[in-house]
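Asker: Once you've had a glance at the structure underneath, I'll fire off some questions.
The values are calculated or read from the model by the stated rules, or taken from the named source; none is laboratory data. The shown structure was predicted, so the numbers you read here are calculated from the model rather than taken from an experiment. A quick note on method: Cβ atoms are made from the backbone with ideal geometry, for glycine too, and the neighbour counts reach across all protein chains shown. Surface areas here come from the heavy atoms of the whole protein model, side chains and all, with no ligands, DNA or RNA. Shrake-Rupley method; radii C 1.70, N 1.55, O 1.52, S 1.80 Å.
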Amino acid sequence: MSSRPRALRALPFTLGLLAVGLAFVAPVAGCSSANDTAQTTLTLPDQTTYAPVAGALLYRCGSLDCHGTVWRNFRLYGYDSQRLDADAGVDGVPTTDAEVAADFEAFVGLEPEILSAVVLDHGADPDRLTLIRKARGLEDHKGGQRMTVGDDADLCVTGWLAGTPNDAACLRVPTEP
Ligand code: HEM
(Lines give C-alpha, C1' and ligand atoms only; values in the text may rest on other atoms or scores of the structure.)
Protein backbone atom coordinates (compact mmCIF):
# COMPACT_ATOMS: atom_id res chain seq x y z
CA MET A 1 0.00 0.00 0.00
CA SER A 2 1.57 3.45 -1.01
CA SER A 3 2.55 5.73 1.89
CA ARG A 4 1.32 8.84 0.00
CA PRO A 5 -1.83 10.54 1.51
CA ARG A 6 -5.12 9.49 -0.23
CA ALA A 7 -5.86 12.97 -1.56
CA LEU A 8 -2.52 13.09 -3.33
CA ARG A 9 -3.12 9.70 -4.95
CA ALA A 10 -6.49 10.99 -6.29
CA LEU A 11 -5.00 14.25 -7.66
CA PRO A 12 -4.45 13.08 -11.30
CA PHE A 13 -8.04 11.82 -11.41
CA THR A 14 -9.37 15.08 -9.90
CA LEU A 15 -7.40 17.19 -12.34
CA GLY A 16 -8.62 15.06 -15.24
CA LEU A 17 -12.21 15.52 -14.10
CA LEU A 18 -11.70 19.28 -13.87
CA ALA A 19 -10.27 19.45 -17.38
CA VAL A 20 -13.23 17.54 -18.82
CA GLY A 21 -15.61 19.79 -16.92
CA LEU A 22 -13.96 22.92 -18.31
CA ALA A 23 -14.03 21.48 -21.83
CA PHE A 24 -17.83 21.37 -21.58
CA VAL A 25 -18.43 24.68 -19.76
CA ALA A 26 -16.09 27.01 -21.72
CA PRO A 27 -17.85 26.83 -25.14
CA VAL A 28 -21.29 27.31 -23.58
CA ALA A 29 -20.02 30.38 -21.72
CA GLY A 30 -18.42 31.61 -24.99
CA CYS A 31 -21.52 31.48 -27.19
CA SER A 32 -23.87 32.89 -24.58
CA SER A 33 -21.98 36.23 -24.66
CA ALA A 34 -23.53 37.58 -27.95
CA ASN A 35 -25.45 40.84 -27.29
CA ASP A 36 -28.47 40.47 -29.58
CA THR A 37 -29.66 43.98 -28.84
CA ALA A 38 -26.44 45.48 -30.21
CA GLN A 39 -27.01 47.80 -33.15
CA THR A 40 -24.60 48.93 -35.88
CA THR A 41 -25.11 52.32 -37.49
CA LEU A 42 -24.32 52.17 -41.20
CA THR A 43 -23.90 55.02 -43.66
CA LEU A 44 -25.32 53.91 -46.99
CA PRO A 45 -25.06 55.56 -50.39
CA ASP A 46 -27.94 57.77 -51.47
CA GLN A 47 -30.97 55.72 -52.56
CA THR A 48 -32.62 58.75 -54.15
CA THR A 49 -29.92 58.95 -56.87
CA TYR A 50 -29.69 55.19 -57.50
CA ALA A 51 -32.10 54.83 -60.49
CA PRO A 52 -29.52 55.67 -63.22
CA VAL A 53 -27.03 53.34 -61.50
CA ALA A 54 -29.65 50.58 -61.46
CA GLY A 55 -30.16 51.09 -65.21
CA ALA A 56 -26.43 50.78 -65.92
CA LEU A 57 -26.00 47.67 -63.73
CA LEU A 58 -29.11 46.05 -65.21
CA TYR A 59 -27.63 46.52 -68.67
CA ARG A 60 -24.13 45.20 -67.78
CA CYS A 61 -25.06 42.51 -65.22
CA GLY A 62 -28.79 41.85 -65.21
CA SER A 63 -29.49 39.40 -68.04
CA LEU A 64 -31.60 36.34 -67.12
CA ASP A 65 -28.59 33.97 -67.24
CA CYS A 66 -26.48 36.29 -65.06
CA HIS A 67 -27.86 38.47 -62.23
CA GLY A 68 -31.44 38.52 -63.45
CA THR A 69 -32.18 35.41 -61.39
CA VAL A 70 -33.12 34.57 -57.81
CA TRP A 71 -30.12 32.20 -57.71
CA ARG A 72 -27.69 35.11 -57.31
CA ASN A 73 -27.02 36.97 -54.06
CA PHE A 74 -26.67 40.08 -56.18
CA ARG A 75 -30.06 39.63 -57.86
CA LEU A 76 -31.46 42.34 -60.10
CA TYR A 77 -34.95 43.17 -61.32
CA GLY A 78 -36.02 45.42 -64.17
CA TYR A 79 -36.20 45.97 -67.92
CA ASP A 80 -34.56 43.16 -69.92
CA SER A 81 -34.10 41.17 -66.70
CA GLN A 82 -36.36 39.30 -64.28
CA ARG A 83 -39.39 41.32 -63.17
CA LEU A 84 -40.87 41.81 -59.74
CA ASP A 85 -44.26 41.63 -61.41
CA ALA A 86 -44.18 38.84 -63.99
CA ASP A 87 -46.91 40.59 -66.00
CA ALA A 88 -44.45 43.42 -66.74
CA GLY A 89 -42.72 41.16 -69.30
CA VAL A 90 -38.90 40.85 -69.60
CA ASP A 91 -38.72 43.58 -72.26
CA GLY A 92 -42.11 45.09 -71.46
CA VAL A 93 -42.58 48.18 -69.28
CA PRO A 94 -39.52 50.19 -68.20
CA THR A 95 -37.89 49.38 -64.85
CA THR A 96 -40.31 50.32 -62.09
CA ASP A 97 -39.56 52.27 -58.89
CA ALA A 98 -40.18 49.08 -56.89
CA GLU A 99 -37.57 47.25 -59.00
CA VAL A 100 -35.06 50.08 -58.52
CA ALA A 101 -35.68 49.78 -54.75
CA ALA A 102 -35.13 45.99 -54.94
CA ASP A 103 -31.90 46.54 -56.91
CA PHE A 104 -30.74 49.06 -54.28
CA GLU A 105 -31.38 46.43 -51.56
CA ALA A 106 -29.40 43.89 -53.60
CA PHE A 107 -26.45 46.29 -53.85
CA VAL A 108 -26.35 47.44 -50.21
CA GLY A 109 -27.20 44.01 -48.82
CA LEU A 110 -24.05 42.33 -50.13
CA GLU A 111 -21.46 43.86 -47.77
CA PRO A 112 -23.18 46.64 -45.75
CA GLU A 113 -20.33 47.27 -43.29
CA ILE A 114 -17.66 47.55 -46.01
CA LEU A 115 -20.02 49.67 -48.14
CA SER A 116 -20.54 52.01 -45.19
CA ALA A 117 -16.77 52.40 -44.81
CA VAL A 118 -16.37 53.20 -48.53
CA VAL A 119 -19.17 55.80 -48.37
CA LEU A 120 -17.68 57.37 -45.23
CA ASP A 121 -14.37 57.60 -47.16
CA HIS A 122 -16.17 59.44 -49.99
CA GLY A 123 -15.83 56.46 -52.32
CA ALA A 124 -12.09 55.91 -51.81
CA ASP A 125 -10.75 52.39 -52.59
CA PRO A 126 -14.05 51.07 -53.93
CA ASP A 127 -12.44 47.70 -54.69
CA ARG A 128 -12.78 46.90 -51.02
CA LEU A 129 -16.21 45.82 -52.29
CA THR A 130 -16.58 42.33 -53.82
CA LEU A 131 -19.02 43.80 -56.35
CA ILE A 132 -16.35 46.17 -57.70
CA ARG A 133 -13.58 43.53 -57.63
CA LYS A 134 -15.71 40.98 -59.50
CA ALA A 135 -16.95 43.52 -62.06
CA ARG A 136 -13.39 44.83 -62.64
CA GLY A 137 -12.06 41.28 -62.99
CA LEU A 138 -9.83 41.69 -59.92
CA GLU A 139 -11.41 38.56 -58.39
CA ASP A 140 -12.63 35.30 -59.89
CA HIS A 141 -16.00 35.92 -61.50
CA LYS A 142 -17.94 33.52 -63.69
CA GLY A 143 -19.27 36.57 -65.49
CA GLY A 144 -15.75 37.71 -66.35
CA GLN A 145 -14.61 41.36 -66.38
CA ARG A 146 -17.61 43.62 -66.97
CA MET A 147 -16.22 47.00 -66.03
CA THR A 148 -12.90 48.70 -66.72
CA VAL A 149 -11.61 51.45 -64.44
CA GLY A 150 -12.82 54.71 -65.97
CA ASP A 151 -15.40 53.28 -68.37
CA ASP A 152 -18.96 54.60 -68.17
CA ALA A 153 -20.34 51.86 -65.88
CA ASP A 154 -17.33 52.20 -63.58
CA LEU A 155 -17.63 56.01 -63.48
CA CYS A 156 -21.36 55.59 -62.84
CA VAL A 157 -21.02 53.21 -59.85
CA THR A 158 -17.92 54.82 -58.29
CA GLY A 159 -19.36 58.34 -58.69
CA TRP A 160 -22.49 57.25 -56.83
CA LEU A 161 -20.44 55.60 -54.06
CA ALA A 162 -18.47 58.84 -53.70
CA GLY A 163 -21.67 60.86 -53.34
CA THR A 164 -21.05 62.64 -56.67
CA PRO A 165 -23.47 60.87 -59.03
CA ASN A 166 -22.41 60.80 -62.69
CA ASP A 167 -25.82 60.42 -64.36
CA ALA A 168 -24.42 61.20 -67.81
CA ALA A 169 -22.09 58.18 -67.62
CA CYS A 170 -24.86 55.96 -66.17
CA LEU A 171 -27.30 56.92 -68.95
CA ARG A 172 -24.72 56.21 -71.68
CA VAL A 173 -24.33 52.56 -70.54
CA PRO A 174 -27.69 51.18 -71.82
CA THR A 175 -27.04 52.86 -75.20
CA GLU A 176 -23.82 50.87 -75.74
CA PRO A 177 -23.89 48.49 -78.72
C1 HEM B 1 -20.94 44.85 -63.96
C2 HEM B 1 -21.71 43.73 -63.99
C3 HEM B 1 -21.63 42.69 -62.90
C4 HEM B 1 -21.44 42.86 -61.56
C5 HEM B 1 -21.34 44.17 -60.78
C6 HEM B 1 -21.38 41.53 -60.96
C7 HEM B 1 -21.20 41.30 -59.60
C8 HEM B 1 -21.16 40.05 -59.02
C9 HEM B 1 -21.12 39.81 -57.59
C10 HEM B 1 -21.10 40.88 -56.49
C11 HEM B 1 -21.10 38.47 -57.40
C12 HEM B 1 -21.09 37.71 -56.03
C13 HEM B 1 -22.49 37.66 -55.46
C14 HEM B 1 -23.39 36.73 -56.28
O15 HEM B 1 -23.09 35.54 -56.34
O16 HEM B 1 -24.38 37.24 -56.81
C17 HEM B 1 -21.14 37.85 -58.69
C18 HEM B 1 -21.15 36.49 -58.91
C19 HEM B 1 -21.47 35.92 -60.11
N20 HEM B 1 -21.70 36.59 -61.34
FE21 HEM B 1 -21.58 38.57 -61.63
N22 HEM B 1 -21.54 40.57 -61.93
C23 HEM B 1 -21.70 41.23 -63.13
C24 HEM B 1 -21.93 40.65 -64.36
C25 HEM B 1 -22.14 39.30 -64.56
C26 HEM B 1 -22.52 38.71 -65.82
C27 HEM B 1 -22.77 39.50 -67.12
C28 HEM B 1 -22.64 37.36 -65.61
C29 HEM B 1 -23.01 36.27 -66.59
C30 HEM B 1 -22.38 36.17 -67.76
C31 HEM B 1 -22.35 37.13 -64.21
C32 HEM B 1 -22.36 35.89 -63.61
C33 HEM B 1 -22.04 35.66 -62.27
C34 HEM B 1 -22.02 34.31 -61.66
C35 HEM B 1 -22.35 32.99 -62.33
C36 HEM B 1 -21.65 34.49 -60.32
C37 HEM B 1 -21.49 33.41 -59.21
C38 HEM B 1 -20.15 32.77 -59.28
C39 HEM B 1 -19.03 33.77 -59.07
O40 HEM B 1 -18.89 34.26 -57.96
O41 HEM B 1 -18.29 34.01 -60.00
N42 HEM B 1 -22.05 38.32 -63.60
N43 HEM B 1 -21.17 38.84 -59.67
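Asker: Output the peptides 102-108, 155-161 sorted from most to least packed, where packing is the average of other Cβ atoms within 10 Å over each peptide's residues. Write down the numbers at each step before the final one.
Answerer: On the way: 102-108: 20.1, 155-161: 23.0.
Most protected by this proxy first, the peptides run 155-161, 102-108.
Asker: Ok, one more. Kindly report, to the nearest 10 Å², the accessible surface of Y79 as traced by a 1.4 Å probe over protein heavy atoms only.
Answerer: 100 Å²
Asker: Something else about it: Along the Cα→Cβ direction, 7 angstrom out, place labels at L17 and L84. What is the inter-label distance in nm?
Answerer: So the two model labels end up 6.4 nm from each other.
Asker: Moving on to the next point. Using a 1.4 Å probe on the protein chains only, how many percent of the accessible area of the stretch 47-175 belongs to carbon and sulfur? If you can, show how the numbers build up before the last one.
Answerer: Values: 3610 of 6630 Å².
Solvent-exposed carbon and sulfur of the stretch 47-175 make up 54 percent of the total.
Asker: Sticking with this structure for a sec: Starting from the eigenvalues of the Cα gyration tensor, five times each then square-rooted, give me the equivalent ellipsoid semi-axes of the chain, largest first, whole Å.
Answerer: Details: eigenvalues 580, 68, 51 Å².
Result for the chain: semi-axes of 54, 18, 16 Å.
Asker: Then there is this: Which of the peptides 34-42, 82-90, 132-140 is most tightly packed, and how do the rest follow, judged by the mean count of other Cβ atoms within 10 Å per residue?
Answerer: Numbers: 34-42: 6.7, 82-90: 13.9, 132-140: 16.2.
Highest-to-lowest ranking by the protection proxy: 132-140, 82-90, 34-42.
Asker: Quick one: how many Å² of V20 are accessible to a 1.4 Å probe, rounded to 10?
Answerer: 80 Å²
Asker: Right, another one. Calculate, for L171 and R133, the FRET efficiency according to 1/(1 + (r/R0)^6) with r their C-beta to C-beta distance and R0 30 Å; round to the nearest 0.05. Walk me through the numbers on the way to the answer.
Answerer: Values: r = 25 Å, r/R0 = 0.83.
Taking R0 as 30 Å, the efficiency between L171 and R133 is 0.75.
Asker: How far apart, in nm, are the 7 Å Cα→Cβ label points at T49 and T164?
Answerer: For the pair T49/T164, the computed spacing is 1.0 nm.
Asker: Separate question: Given the DSSP H assignment, sum -39500 (n - 2.57) over each helix run of at least 4 residues in the chain and divide by its residue total; what's the result at 222 nm in deg cm²/dmol, nearest 500?
Answerer: Values: 7 runs with 82 residues, N = 177.
Calculated mean residue ellipticity at 222 nm is -14500 deg cm²/dmol.
Asker: 7 Å from Cα along Cα→Cβ at both D97 and W71: what's the point-to-point distance in nm?
Answerer: The two pseudo-label positions are separated by 3.4 nm.
Asker: Pull out the extension gain between Q39 and Q145, defined as 0.36 nm times the separation in residues minus the alpha carbon to alpha carbon distance; nm, one decimal.
Answerer: Numbers: separation 106, 0.36 × 106 = 38.16 nm, distance 3.61 nm.
Difference between extended and current length: 34.6 nm.
Asker: Leaving out ligands and nucleic acids, and using a 1.4 Å probe, what accessible area per residue does the chain come to in Å²? Can you show the working numbers first?
Answerer: Numbers: 11040 Å² over 177 residues.
So the chain comes to 62 Å² accessible per residue, rounded to a whole number.
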